[in-house]
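One structure is given here, and the rest of the page talks about it.
We did not get these values from a lab; they are worked out from the coordinates using the rules stated. This is a predicted model, so every value here is computed, not measured. Cβ atoms come from the backbone with ideal geometry, glycine included; neighbour counts cover every protein chain shown.
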Amino acid sequence: MRLLLLNGSPRGTAGNTAILLKHFTEGFLANNNNSAETGYLKRAIDHRKLAEKFTGASAVIIAFPLYADSMPGIVKDFIETLGRVRGKGPSPKIGFIVQSGFPEAVHSRYVEKYLEKLARRLDAPYLGTVIRGGVEGIQAMPPFMTRRLFMAFRSLGRHFGVTKEFHPIIVKKLAAKERLSMVKKAVFRACQSIGLTNMYWNMMLKKNGAFERRFDRPYQP
Amino acid sequence: MNIVILNGNPDPNARELERYIDALTAELAAKGHEVNAHTLRDMNIRSCTGCWSCWVKTPGMCAQHDDMPVVYTSVMAADLVLFASPIIMGFVSALLKRANERFIPLIHPYLVIDRGECHHLKRYTRYPELGLILHKGADADDEDIKITSDIYARIALNFKTTLRFSIQTSQPIQEALHAIAAA
Ligand SMILES: Cc1cc2nc3c(=O)[nH]c(=O)nc-3n(C[C@H](O)[C@H](O)[C@H](O)COP(=O)(O)O)c2cc1C
C-alpha cells in the first residue's frame, strides 16, 4: 500500500508529531510492499500541491498537535483548501493522529467528533482517530521514559501496514486514561506541593533568565 | 459592558455575517455598550509557531511582530468577547482559529487541576466571558454547529472562562441581544 502522511504541526520536522510519525512509518515500512510519503502542512503555500496529492492517494493519515482544543489553524487552512480543490466523488481512506500536551484523552475527544464528520463530508472511508496525551516534553525525556510510547507507535504502523487499519487494542492503549483517576489526582497534588509539576517550565524559565518575570501581565488593563 | 467582536469572516464579499455584526454593533452601541469590532482579515495575524517564548522567554508576550497586541489589549479589557465566523468545512474559519491559538500568552504555563482535568493556571485575575456568532451557510448543518460550539466551550475552559452562548445569523438580532444581556 502507498500511504500519504500529512504532518500538521506548526513546528514541522522539529516537532513531536514528526517523532511519533517517524516511529509509525518505520513500523509501516516493515512490510516491503508498502511505501510512504510525508508532507508538511506548516506552510500554506504547499497546501494546493498537497491537496492534489491527497485527492490522488489511496490512504491518507493527517497527524497534528491539539492546539486550543482543536486542529492548528494551518490544518484548518489545509482542510479549506481540500474543500476548494476536491472534485465530486470519493476521497482516499482517511485516518487521524491527534497528540496533546495534557495527559488525558478527553481533551481530544471533541476534535475527534469533528474529524469523523470531516471524513463523511469528504466522502472518505474513515479509518479512525488515534489519540495520545502527555506528549509535550518527550524531547526532554530520557529514552527509558519514551521507549514504550515509540514502540506502541511502531506496532501501530506495522499493523496498519498489514491490515490497513489502526489496531483497536493499540489505539485504546495509546489513549490510556480518558480522565485523571483519583490516584493520579492525588499524585499530581503531591507533586504540585513540592513543585514537581512545574519543573519543566521552571527549568526553561531559569535557563532564559525569565523566572522572576514568570507572572508578568503585560496586557493588564 | 465593554464588548469585543472578533470577526473571522475571511471573505469580504460574503455579506450576511458582516450585516449581522454591523446591525448587532449598532444595537449594542444604542444601548450604551462600548463595542470594538476587529475584522481579522484586514489585520496581520500570523500562525502560532509553537516556540513557547510567551511562556519561558518573555512571559505573557508573543515573540511575533504583527497585529495581535491590538487584540490582546482589547480582549483583556473586555467584559465579553464575541467570536464571529462562517462555518467553513464544518468549523470556524482558519482565520479565526489562527487568532484563537495566539491567546496562549494570556494564560500561564503552570498546570492546575480544574473540574477534575489538567488545565493551565490563570495569568490574569479576570477573563472576559465568551460568545459565538456563527453563520451556517449552505454547506453546514446543525451537527456542525454543535461540534463547533462544543469545541468552543472547551476553548473557553482553557481560557479560564465560560462560553455563554452560541447563536446563528439566522436568529433575530433580538435573540442575540437577549443572550448578551444574560451573559
Ligand atoms: C498554541 C498552542 C495551543 C495548544 N493547545 C493545547 C490544548 O488545547 N490542549 C493540549 O492538551 N495541548 C495543547 N498544546 C500542546 C501541544 O499539543 C503539544 O505541545 C504537542 O506535543 C506539540 O506537538 P508538535 O511539537 O508536533 O507541534 C498547545 C500548544 C500550543 C503551542
Problem set entry | Average beta-carbon neighbours from other chains, 10 Å sphere, peptide B:43-56 | 4
Exercise. Taking other Cβ within 10 Å of each residue's Cβ, how do A:129, A:55 sort, fewest first?
Worked result: A:55, A:129
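Give me Rg/Rg_expected for the stretch B:51-113, where Rg uses Cα atoms only and Rg_expected = 2.2 N^0.38 Å with N residues. Working shown, then result.
Working: Rg = 13.4 Å, N = 63, 2.2 N^0.38 = 10.6 Å.
In units of the globular-protein estimate, the stretch B:51-113 measures up at 1.26.
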Exercise. Which whole-number value in Å³ per residue fits the convex hull of the alpha carbons of the stretch A:122-221?
Worked result: 215 Å³
For this session: Give a residue-ordered list of calculated ³J(HN,Hα) values for the stretch B:106-117 (Karplus: 6.51 cos²θ - 1.76 cosθ + 1.60, θ = phi - 60°; whole Hz; x for Gly, Pro).
Result: 7, 10, 10, x, 4, 8, 9, 9, 10, 6, x, 10
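Taking every pair of Cα atoms in the stretch A:82-172, average 1/r, invert it to obtain the Kirkwood radius, and report Rg/Rh to two decimals. It would help to have the intermediate numbers written out before the result.
Values: Rg = 15.2 Å, Rh = 14.7 Å.
Here Rg/Rh amounts to 1.03.
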For this session: Provide, in order from the shortest bin, the percent of all Cα-Cα pairs of the stretch A:1-61 in each 10 Å bin, continuing until the bin that contains the maximum pair distance.
Result: 22, 51, 25, 1
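Tally Lys/Arg at +1 and Asp/Glu at -1 over every other residue whose Cβ is under 12 Å from the Cβ of residue B:142; what's the total? Walk me through the numbers before you get to the answer.
Numbers: positive: A:117, B:136, B:146; negative: B:141, B:143, B:144.
Here the count lands on 0.
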Problem set entry | Radius 13 Å from Cβ of residue A:67, net charge of other residues (Lys, Arg +1; Asp, Glu -1) | +3
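So what's the projected area for the stretch A:44-134, the Cα convex hull averaged over all directions, in nm²? Please report the intermediate quantities before stating the final value.
Details: hull surface 21.4 nm².
Average of the hull's projected areas for the stretch A:44-134 equals 5.3 nm².
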For this session: For a footprinting-style exposure proxy, rank B:164, A:217 by other Cβ within 10 Å, fewest first.
Result: A:217, B:164
Problem set entry | Alpha carbon Rg of the stretch A:2-179, scaled by the compact-globule rule 2.2 N^0.38 Å | 0.96
Exercise. For the stretch B:148-159, in order, what is each residue's ³J(HN,Hα) by Karplus, 6.51 cos²θ - 1.76 cosθ + 1.60 with θ = phi - 60°, in whole Hz (x at glycine and Pro)?
Worked result: 5, 5, 4, 5, 5, 5, 5, 4, 4, 4, 6, 9
Seminar exercise, completed: Scalar couplings 3J(HN,Hα) for the stretch A:90-100 by Karplus 6.51 cos²θ - 1.76 cosθ + 1.60 (θ = phi - 60°), nearest whole Hz, x for Gly and Pro, are x, 9, x, 4, 9, x, 9, 10, 10, 10, 9
Exercise. Hey, any idea what Rg/Rh is for the stretch B:94-139, computing Rh the Kirkwood way over Cα pairs?
Worked result: 1.09
Problem set entry | DSSP beta bridge pairing in chain A, given as percent antiparallel to the nearest 5 | 5 percent
Problem set entry | Computed Rg/Rh of the protein assembly as shown, alpha carbon atoms with Kirkwood Rh | 0.97
Problem set entry | Between helix B:68-77 and chain B: long-axis angle, C-alpha atoms, 0 to 90°, nearest 10 | 80 degrees
Problem set entry | Computed helical MRE - 222 nm, chain B, DSSP H runs ≥ 4 contributing -39500 (n - 2.57), nearest 500 | -10500 deg cm²/dmol
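By counting other Cβ atoms within 10 Å of each Cβ, how are A:54, A:166 ranked from fewest to most? Can you show the working numbers first?
On the way: A:54 24, A:166 21.
Exposure proxy ranking, most exposed first: A:166, A:54.
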For this session: Using only the alpha carbons, work out the radius of gyration and Dmax of chain B in angstrom.
Result: 16.1, 46
